[in-house]
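Heads up: the structure comes next, in structure tokens.
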Amino acid sequence: MKTTLRLRPRPSAAVHLAWQFLGQPLHEWPAWVQATCTLRRGPDGKLELRHERRSGAQIVYLQEWLVKDLDGEVCCYSDSAMRRDFEPLQA
């Protein structure tokens, strides 16, 4: 499975990029994820991706998605929320 998807928000015609955090090593992260995130272990010992936002840090856990919009904003989605709000485009 590719780790970066092109998405169309429902019902808009704009295209976004999505990447699912599966514990990949840093060199496999897209550049836009590398620029805004760091990897660390949380207090419970689980891997967490820390996404720095203007409003504060957002924790992205394994299996969750980061979605980048046309303005460069990045948001985190659970798998079910991402599939509810976006439609994957064919490669």
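Observations
- Of residues in the range 58-82 being acidic (Asp, Glu) and either over 12 Å from PRO9 (Cβ atoms) or at pLDDT 85 or above (or both), the one surrounded by the fewest Cβ atoms within 10 Å (Cβ to Cβ): ASP71
- Where strands (runs of 3 or more DSSP E) fall wholly inside the range 1-82, the ranges with 1 or more residues that are free of Cβ contacts under 8 Å to residues at least 24 places away in the same chain are 37-41, 47-53, 56-61, 74-77.
- Within the range 59-91, being closer than 18 Å to THR38 by Cβ and aliphatic (A, V, I, L, M) holds for ILE59, VAL60, LEU62, LEU66, VAL74.
- Annotation for the range 37-44: no member residue is under 19 Å from MET82 (Cα atoms) and at pLDDT below 85.
The values are calculated or read from the model by the stated rules, or taken from the named source; none is laboratory data. The structure displayed is predicted, hence computed values, not measured ones. Cβ sites come from the backbone with ideal geometry, for glycine too, and all protein chains shown count toward neighbours.
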